[in-house]
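Q: Take a look at this one; I'll ask things after.
The values are calculated or read from the model by the stated rules, or taken from the named source; none is laboratory data. Here the structure is a predicted model, which is why all the values come from computation and not from measurement. All Cβ positions, even for glycine, are placed from backbone atoms using ideal geometry, and neighbour counts span all protein chains on display.
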Amino acid sequence: MLKIFFMVSLVGVMAISGGCASGQVKEKLVVTDAASNVLVTEALSGLESAYYARNTVDFIGLLDKDFPGFLEFQDGIDKYFNAHSELQIHFVIDTCLGSGDRVNARLHWYRSVVDRVSGAITKAEGFSQLIFRKTESGPKLLSIQNDNPFF
């Protein structure tokens, strides 16, 4: 019984010394720029609509001309759209911050697709950092970091 009391006490001391006793408060800093949030919401809405409609032309029209691997991405999304009879994607913005003509959005996403041949439903989710460029014709997706939400 004494050994159990000693172990519980030791665990308690370790927990206190690793957290509150050190005087450090760890918290997640969330920065959201309201104007950038509106811009990203608009951009994501357009991407979701084009994705749901499996409309390659509209979807690619939302990419910036400087998107890395633009042609490969265009080919990949076209093949993905043709391979699935239904596509759904939903974004949840975690943070959003703009600077100059760029807006950085960290978000998580949920995707559900139905294979055109087998009818199998595949679901996926992930975390991405999307960079948008502000242009005269609206926000354009400039890059995707971490998980690619689209295919």
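Q: Of a type in the set (A, V, I, L, M, F, W, C), at pLDDT 95 or above, out of contact with any Gly (no Cβ under 8 Å at 6 or more places or on another chain) and within 12 Å of Leu141 (Cβ to Cβ): which single residue out of Phe70, Phe81 fits that description?
A: On inspection, the qualifying residue turns out to be Phe70.
Q: Of these, Asn55, Asn37, which one is out of contact with any helix residue (DSSP H, G or I) (no Cβ under 9 Å at 6 or more places or on another chain) and of a type in the set (S, T, N, Q)?
A: When all the criteria are applied, what remains is Asn37.
Q: For segment 116-151, which positions are surrounded by fewer than 13 Cβ atoms within 10 Å (Cβ to Cβ) and among the aliphatic types (A, V, I, L, M)?
A: Within segment 116-151, Val117, Ala120, Ile121 qualify.
Q: Right, here's the next one. State all residues of segment 116-135 that are within 21 Å of Phe81 (Cα to Cα), among the aliphatic types (A, V, I, L, M) and in a strand (DSSP E or B); if no residue qualifies, say none.
A: Ile121, Ala124, Leu130 - these are the residues of segment 116-135 that are within 21 Å of Phe81 (Cα to Cα), among the aliphatic types (A, V, I, L, M) and in a strand (DSSP E or B).
Q: Answer yes if at least one residue in segment 65-78 is part of a strand (DSSP E or B) and more than 29 Å from Asp33 (Cβ to Cβ), and no otherwise.
A: No.
Q: Scan segment 71-84 and report the pairs whose first residue is within 14 Å of Asp58 (Cα to Cα) and whose second residue is not aromatic (Phe, Trp, Tyr), with Cβ atoms within less than 6 Å and a gap of 6+ or a chain change.
A: Once the first residue is within 14 Å of Asp58 (Cα to Cα) and sits in segment 71-84, its partners that are not aromatic (Phe, Trp, Tyr) give Gln74/Ile60; Asp78/Thr56; Phe81/Arg54; Phe81/Thr56.
Q: For segment 92-125, enumerate the residues that are among the small types (Gly, Ala, Ser) and in contact with a strand residue (DSSP E or B) (Cβ under 6 Å, 6 or more places away or on another chain).
A: Correct list: Ala105, Ser112, Ala124.
Q: Considering segment 102-115 alone, what residues qualify as being touching an Asp or Glu at 6+ places or on another chain (Cβ under 9 Å) and either surrounded by fewer than 17 Cβ atoms within 10 Å (Cβ to Cβ) or assigned to a loop (DSSP other than H, G, I, E, B) (or both)?
A: His108, Tyr110, Ser112, Val114
Q: Here is a further query. Could you list all residues from segment 23-64 that are assigned to a loop (DSSP other than H, G, I, E, B) and modelled with pLDDT of 95 or more?
A: Ala53, Arg54, Asn55, Gly61, Leu62, Asp64
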